[in-house]
Amino acid sequence: MNKVNKIVNDELFEWIRDIRREIHQWPELAFKEEKTAELIAKKLKKLGIKYQTGIAGTGVVGKLIVDESAPTVAIRADMDALPVTENTGLPYSSQNPGIMHACGHDGHIAIVLGTAAVLKHNPPEGNVVFIFQPAEEEQGGAKPMIEQGVLDGVDAIFGGHIERHYQVGQIGIKTGIHTSHTDTFVIKIIGKGGHAARPHLAIDAVLIASQLVVNIQSIISRQIDPIHPSVITIGYLKSGTVDNVIAEKATLKGTIRTTNELIREEIIEKIRKLASSMTIFYGAEITIEMKPGYPPIVNEERASKFAVQVAEKLLGKDNTIAIPYPSLGGEDFSYYLQQIPGCFVRFGAAKEGHETASSHSPDFDFDEEALRVGAAYMSELVRFTIKKLRKG
């Protein structure tokens, strides 16, 4: 960690940490990150980095231009919080009721601003774009940011995520497919209501919904090749009003997670066929709305190699974790990687006493030393990538 401390000294670390805490105290939901954007702009201005606000609503982009003819590397942080009521007891806990930074985005912003401070003080041999993106959690702020030109002239991009499964000082990297498709669906059932004592005169929406929940799971367990990671989760089921009435309507909502496009299409088709068979068998009306989610993150091979080389040099081979399997989580950083090469990494941030507090939990927190490591690592990764790109 001596190399890390030389890049991010205690004074700079405290500055980065204070940014994280201020953002944590005032979390904002997707596309409403106005106070967060103001803080980011204020910090960039203090650093002497030119910036633009109002991109895709609340997005902010800073630019450190050293040589317009030189390579340009971007790094990205997501800005939005979650509709979660905080339960950490931290002195800087959320002051916005029902909203919390329960996924580390406050840390991501602080890391990128810390990186900006390091690179402004000791500029690389090329240009850097600092992307602060709204709405990663649900609505996908990456797409409108790209549509508004944030990647124009950018040769490579990097991002990262706080990761409680790794220790501080560790960096996790996965070449190739890193996350999954995140499709969602809504199934609506319209049967025929009736008295609980006369089921033969009704079409029971609760029964049909229950059959769908059970049989949808059999798609994964019995119809999909198990070598392809796949998950279907029904997270919402609503039906009925009282105990002695057969429900006329039911609604199911769920998500499909896959890493293979053909498997994804197969699962969607099987859900449709299953619903169709239920329609025929029970005589109910069943509609399905499929909502495409984020595509998988696919880390480009060369950029991933750069990420590994920098991690090994800065933190050591033992602290450079080769992630063995894709995650079935989702991330809209994937849209950037559909446009240009890049890599998305994981910052080790396990905190004692919070081992069981998962992301999106009201008890979520992380070791803030990860901010120091993240800023040091990202600044070295940007510097290293620009040198490699200059050499062709």
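Simple spin-label model, 7 Å along Cα-to-Cβ: Leu262 to Tyr236 in nm?
My value for the distance between the label points is 3.3 nm.
For the chain, set up a GNM with springs between Cα atoms under 10 Å and report which of Leu82, Leu90, Leu113 has the largest fluctuation.
Leu90
Can you tally the net charge around Ala376? Count Lys and Arg as +1, Asp and Glu as -1, for every other residue whose Cβ sits under 10 Å from the Cβ of Ala376. Don't jump to the answer; show the numbers that get you there.
Numbers: positive: Lys3, Lys6, Arg372; negative: Glu380.
That sum, taken over residues with Cβ under 10 Å, equals +2.
Past 26 Å, Cα to Cα, is the threshold; run Lys46/Lys317; Lys6/Lys120; Lys313/Lys387; Lys174/Lys313; Lys174/Lys317 against it and keep the listed order.
Lys46/Lys317, as the Cα separations exceed 26 Å there.
What is the Cα convex hull volume of the range 263-392 when expressed per residue in Å³?
Details: hull volume 22.1 nm³, N = 130.
Considering the Cα atoms of the range 263-392, their hull volume per residue is 170 Å³.
I need the phi-derived Karplus couplings for the range 85-99: 6.51 cos²θ - 1.76 cosθ + 1.60, θ = phi - 60°, integer Hz, Gly and Pro marked x.
Going residue by residue, I get 8, 5, 9, 7, x, 5, x, 10, 4, 3, 9, 9, x, x, 10 Hz, with x marking Gly and Pro.
Let me check I've understood the local charge: for Phe344, count other residues with C-beta under 12 angstrom from its C-beta, Lys and Arg +1, Asp and Glu -1. What total comes out?
Working: positive: Arg76, Lys174, Arg346; negative: Asp78, Glu136, Glu163, Glu300, Glu331, Asp332.
Net charge in that neighbourhood comes out at -3.
Around Ala70, with a cut-off of 14 angstrom between Cβ atoms, what is the net charge of the other residues, counting Lys and Arg +1 and Asp and Glu -1?
With Lys, Arg at +1 and Asp, Glu at -1, the neighbours total +2.
Checking the cross-link filter: which aspartates and glutamates have an alpha carbon closer than 17 Å to that of Lys238, excluding same-chain neighbours under 8 positions apart?
The reachable aspartates and glutamates, counting only those whose Cα sits under 17 Å from Lys238, are Asp204, Glu248, Glu285, Glu289.
In the range 117-147, which residues have a backbone nitrogen under 18 Å from the label point lying 7 Å from Glu289's Cα in the Cα-to-Cβ direction?
Residues 138-140 fall inside that zone.
Quick check on the range 100-223: what does the Kirkwood estimate of hydrodynamic radius come out to from the alpha carbon pairs, in Å?
On the way: mean 1/r = 0.0496 Å⁻¹.
For the range 100-223, inverting the mean 1/r across all distinct Cα pairs yields 20.2 Å.
Kirkwood hydrodynamic radius for the range 181-291: how many Å is it when counted over pairs of different Cα atoms?
Averaging 1/r across every pair of different Cα atoms and inverting gives 14.5 Å.
Placing one identical point scatterer on every Cα of the range 1-110 and ignoring solvent, what is log10 I(q)/I(0) from the Debye formula at q = 0.14, 0.15 Å⁻¹?
-0.64, -0.72
What list do you get for Thr259, Thr36, Thr251 if you sort them by fewest beta carbons within 10 Å?
Ordered by Cβ neighbours within 10 Å, fewest first: Thr251, Thr259, Thr36.
Counting other beta carbons within 10 Å of each Cβ, put Lys43, Lys388, Lys3 in order, fewest first.
Lys3, Lys388, Lys43
At 1.002 mPa s and 20 °C, plugging the Kirkwood radius over alpha-carbon pairs of the range 83-159 into Stokes-Einstein gives what diffusion coefficient in µm²/s?
Once the numbers are plugged in, D ends up at 143 µm²/s.
Sort out the exposed loop GluC sites (Glu not before Pro) in the chain (DSSP loop, at most 11 other Cβ within 10 Å) and tell me the longest stretch that has none. Please list the in-between numbers first.
Numbers: sites that count: Glu68, Glu352, Glu355.
In short, 69-351.
Run the quick spin-label model on Ser277 and Val214: label points 7 Å from Cα toward the beta carbon, then report their separation in nm to one decimal.
1.4
Find how much the distance from Asn244 to Tyr325 grows on full extension, using 0.36 nm per residue of separation minus their present alpha carbon separation; answer in nm with one decimal.
Result for the pair: 24.3 nm of gain on full extension.
Which whole-number percent of Cα pairs in the chain have a distance greater than 28 Å?
Details: 38826 of 76636 pairs.
Roughly 51 percent, rounded to a whole number.
Among His101, His200, which comes first, then next, by fewest other beta-carbon atoms within 10 Å?
His200, His101
Where a number appears in this text, it was derived from the coordinates with a stated rule and is not lab data. Everything numeric in this text was worked out from a predicted model, so none of it was measured. No Cβ is skipped: glycine too gets one built from the backbone with ideal geometry, and neighbour counts run over all protein chains shown.
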